[in-house]
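The values are calculated or read from the model by the stated rules, or taken from the named source; none is laboratory data. Here the structure is a predicted model, which is why all the values come from computation and not from measurement. Cβ sites come from the backbone with ideal geometry, for glycine too, and all protein chains shown count toward neighbours. All accessible areas refer to the heavy atoms of the entire protein, side chains included, with ligands and DNA or RNA removed. Shrake-Rupley method; radii C 1.70, N 1.55, O 1.52, S 1.80 Å.
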Amino acid sequence: MLQIWGLVLFYGLLTQSSAQLEAIPVDPALSLGPVQSLTPPDVLSGLLGGLTKGLLNSDLLGILKNLPLLDALKLGEGSSGGLIGGLLPRIVSLVPGLQNIISINITNPVLLELGLEQSPEGHRLFVTLPLGMVLELKTFLTGEILKLDVQLNIVVELMAVRDKDGKIHLVIGDCKNDPGSLKVTLLEGILPSVVQGLADTVTGTVIKVLPNLIQKEVCPLVNEVLGNLDVTLVHDVAELLIHGLELHVKV
């Protein structure tokens with residue numbers, strides 16, 4: 001069985017403290033100024049501010065905290081029997097009658113500072129949403145808690161399109177997680193060897209399941225927030241993109 005540190009190194013996970021995770025908190029009270037006749041930098045700043053405020057007001061952090069992660073693990077995301085179902089026979093053979101072997105809680109969800117990059121041809125923007133959280137894994141065999149610090153980026157593609165009436169709209173293209181941005185750090189917890197294999201298996205499966213689960217929950221919310229942004233701001237952004245103006249941004 002892989003030890004938990006071996007698993008962390010296998011996935012190339014970076015070590016850092018939870019304090020670093022919260023180093024760039026977003027101000028929920030962020031407000032936008034007037035958007036009429038804005039210069040390109042002001043338009044982009046207004047876009048990022050509007051998306052940030054909209055996501056926080058739409059309870060993004062609550063959605064992250066209540067991700068149905070344990071249900072996803074039980075279902076196995078399409079795998080035969082699911083993670084928990086596959087492990088139950090082995091665990092129950094050791095402790096007859098045991099049904100609830102683990103619990104997983106998500107704590108300290110955060111939205112860090114949004115990033116922005118323009119495509120080479122100038123007609124698209126890529127908005128990066130850096131998300132963070134702490135996973136608390138508890139095994140009822142020992143009562144020990146394992147804490148994992150998780151960071152992942154969701155990348156949203158924004159495009160300007162012109163409808164049949166000639167009107168310009170700002171729409172979402174791709175919205176997906178960035179696998180290369182996934183970072184998992186062991187914060188605390190040392191498990192006895194009797195459940196080390198269980199912890200390793202659960203941790204490895206979480207790493208596979210969590211990105212798609214976050215994407216599934218967050219992307220529809222981003223689309224909803226975009227639809228509620230200030231109309232003039234959205235028009236200004238779309239006008240810049242439809243003409244392919246170089247905005248000199250890579251935040």
### Query
Under 17 Å from the Cα of residue 216, which lysines turn up, not counting those fewer than eight places away in the same chain?
65, 176, 208
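Please give me the summed charge of the neighbours of residue 128: other residues whose Cβ is under 10 Å from its Cβ, Lys and Arg +1, Asp and Glu -1. Write out the running numbers ahead of the final one.
Numbers: positive: none; negative: 113, 117, 178.
Every neighbour counted, the sum reads -3.
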### Task
Keeping all protein chains in position, work out how much accessible area residue 181 exposes to a 1.4 Å probe, and write it in Å² to the nearest 10.
10 Å²
